[in-house]
Amino acid sequence: MEQPLAKSAHQKLPIGKLLKRIFGILIGASLFSVALEIFLVPNNIIDGGIVGISIITSHLSGIPLGVFLFVLNLPFLIIGYKQIGKTFALSTLFGVTIMSIGTTLLHPVEGLTDDPLLAAVFGGILLGIGVGLVLRYGGSLDGTEIVAVLLNKKSPFSVGEIVMFMNLFILSSAGFVFGWDRAMYSLIAYYIAFKMIDLTIEGFQESKAVWIISDNHKDLGDAIVARLGRGVTYLNGEGGYTGDDKKVIFCIITRLEEAKLKLIVEEVDPNAFLAVGNIHDVRGGQFKKKAIH
């Protein structure tokens with residue numbers, strides 16, 4: 001009789017990685033606080049999710065923003081602990097606590113600008129960097145994503161669609177509270193923050209996956225290794241129409257190397273099939289850059 005598989009024990013983070021995670025979340029949550037209290041809130045510009053609800057509720061009630069940021073996120077921290085895990089919940093609790101304390105301490109500080117466009121742009125940039133850092137180090141500053149994951153299991157909509165619907169509803173609410181011009185500025189800030197989150201998580205050296213089908217696969221692979229400094233892997237394939245055996249070259253590059261890769265392919269085999277796709281994370285293997293010749 002087979003024995004049931006034992007659950008793998010929770011692995012504790014090495015002290016170095018733990019300190020790095022704490023520092024990353026601390027900086028991210030602090031930047032988020034600065035974005036809110038120095039740029040967005042003084043100009044009646046909101047963010048999406050629980051943060052947007054907290055800003056509106058704080059404005060209407062007069063209760064400090066930090067109180068709502070902590071209290072409204074608390075139920076989702078409990079859900080996150082049950083659904084995603086202890087490490088995520090603790091990282092998120094730390095981030096939300098720093099964010100709440102930061103907004104409370106910065107509330108008396110006067111905003112840097114009363115120009116709503118400047119506030120939306122620079123507030124959105126700092127907001128996105130802050131959220132991106134917290135996400136990169138395993139936490140979160142908003143509970144709407146957890147709600148979206150739970151609703152996704154019982155609805156035909158994707159997580160992204162649910163988050164977008166909730167945020168559009170929240171951002172539209174700003175029009176009734178702060179005026180429709182502020183709602184439009186809020187959309188600008190939200191869009192900029194959304195883009196900055198991706199940039200912060202992926203970094204400027206965004207990775208791309210490349211698939212090349214070529215009859216001159218060996219020459220082309222050697223050229224990529226020699227001239228671009230990247231390792232390649234040969235995959236076995238079969239033509240769906242002809243049934244012929246094919247070799248597929250697979251490699252990972254940065255977006256800065258894409259133009260040179262296309263030039264190499266054009267020189268070695270102009271008839272080669274080339275596909276390039278964005279990827280979010282690369283680990284292990286021999287991805288580290290070699291010298292380009």
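Below, the figures for the structure above:
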quantity: Between the stretch 204-262 and the stretch 48-105, the alpha-carbon center distance in angstrom; calculated: 46 Å
quantity: Accessible area (Å², per residue) of the stretch 207-279, counting only protein heavy atoms and a probe of 1.4 Å; calculated: 55 Å²
quantity: Nitroxide proxy distance, nm - points 7 Å out along Cα→Cβ at residue 59 and residue 211; calculated: 4.8 nm
quantity: Ordering of 15-24, 114-123 by burial proxy (mean other Cβ atoms within 10 Å per residue, highest first); calculated: 114-123, 15-24
quantity: 16 Å reach of a label modelled at residue 242, 7 Å along Cα-to-Cβ, counting backbone N of the stretch 257-278; calculated: 269-274
quantity: Extension gain (nm, one decimal) between residue 226 and residue 71, 0.36 nm per residue minus Cα-Cα; calculated: 50.1 nm
quantity: Kirkwood hydrodynamic radius of the stretch 207-279, from inverse mean 1/r over distinct Cα pairs, in Å; calculated: 12.3 Å
quantity: Stretchable slack from residue 218 to residue 233, in nm (0.36 nm times residue separation minus alpha-carbon distance); calculated: 4.3 nm
quantity: Interatomic Cα distance distribution for the stretch 16-202, bins of 10 angstrom, percent; calculated: 11, 39, 39, 11, 1
quantity: Residue-level accessible surface for residue 104, protein heavy atoms, 1.4 Å, Å²; calculated: 70 Å²
quantity: Contact order relative to length of the stretch 16-202, as percent, for alpha carbon pairs under 8 angstrom and 6 or more apart; calculated: 35 percent
quantity: By accessible area with a 1.4 Å probe, ligands and nucleic acids excluded, highest first: order of 101, 129, 253; calculated: 101, 129, 253
quantity: Cβ-Cβ FRET estimate between residue 201 and residue 87, R0 fixed at 25 Å, reported to 0.05; calculated: 0.90
quantity: Cross-link table 195/260; 195/262; 17/86; 218/262, entries beyond 23 Å C-alpha to C-alpha; calculated: 195/260; 195/262
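The values are calculated or read from the model by the stated rules, or taken from the named source; none is laboratory data. For clarity, every value in this text was computed on a predicted model and none was experimentally measured. Don't worry about glycine lacking a Cβ; one is built from the backbone with ideal geometry, like all the others, and counts go over all protein chains shown. Each accessible area value is taken on the protein alone, full model and side chains, heavy atoms only, with ligands, DNA and RNA left out. Shrake-Rupley method; radii C 1.70, N 1.55, O 1.52, S 1.80 Å.
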